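A.B. asks: First, the structure itself, so that you have it in front of you.
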Amino acid sequence: MSIYGKSYGGGMCWSEDIIPMTEKEVKVWAEAHLTAEEYMELFEVEE
């Protein structure tokens with residue numbers, strides 16, 4: 001029942017999509033889902 005689900009007849013089936021993201025969108029996602037250490041490993045962080 002996510003935004004990626006596809007409707008077939010009377011029900012929903014799972015699906016998946018690859019959605020391109022800008023660097024800014026990736027950083028926002030990473031801030032919400034990664035630890036500070038993981039984030040710093042991926043992106044240059046000025047202290």
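A.B. asks: Spelling out what I want: for every residue of region 22-30, take phi, set θ = phi - 60°, compute 6.51 cos²θ - 1.76 cosθ + 1.60 (Karplus), and round to whole Hz; glycine and proline get x.
C.D. replies: Using θ = phi - 60°, the values come out as 6, 4, 4, 5, 5, 5, 5, 4, 4 Hz.
A.B. asks: For I19 and E44, FRET efficiency with R0 = 35 Å and r from the beta-carbon atoms, rounded to 0.05?
C.D. replies: Details: r = 24 Å, r/R0 = 0.70.
So the FRET efficiency works out to roughly 0.90.
The numbers here are math on the coordinates, done by the rules we state, and not lab data. In this text the structure is predicted, and so the values were computed from the model without any measurement. Because the Cβ atoms are built from the backbone with ideal geometry, glycine has one as well, and the counts that use them run over all protein chains shown.
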